[in-house]
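Step one of this worksheet: look at the structure below.
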Amino acid sequence: MKRLFSGATLVLLSACSPQTDKIYTVDELAGDEALLTKILGECRNIPADPGETPNCRNAEAADGKLRLERGRRALGG
């Protein structure tokens, strides 16, 4: 009986846990500018510190990487 109760409790708790979003890498975000723009927009709407989430940190890094690449191309490099 204890096992049944413990198992049912475990199933109910796991069903109530929040869904985790996919964490994108810097390279994935740099390769998909639409996704990068979407995540950066979401991060700007977070009332807390946006640097707290992995996707926001990776999106900022990907944005910086793309800006550097565009700068190099503009300088002919």
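Here are the numbers for this structure:
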quantity: Residue 61 versus residue 28: modelled label distance in nm, points set 7 Å from Cα along the beta carbon direction; calculated: 1.3
quantity: Simple label model, 7 Å out from Cα along Cβ direction - residue 35 to residue 52, nm; calculated: 2.5
quantity: Net charge of Cβ neighbours under 15 Å - reference residue 23; Lys, Arg +1; Asp, Glu -1; calculated: -4
quantity: Histogram of C-alpha separations across region 22-77, 5 Å bin width, %; calculated: 4, 23, 28, 20, 13, 7, 4, 1, 0
quantity: Extension gain from residue 44 to residue 68, taking 0.36 nm per residue of separation minus the Cα-Cα distance; calculated: 6.5 nm
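Values quoted throughout were computed directly from the atomic coordinates according to the rules given, and no laboratory measurement underlies them. What you see is a predicted model, and the numbers here were worked out from it, not measured in a lab. Here Cβ is always computed from backbone atoms with ideal geometry, including for glycine, and neighbour counts include all displayed protein chains.
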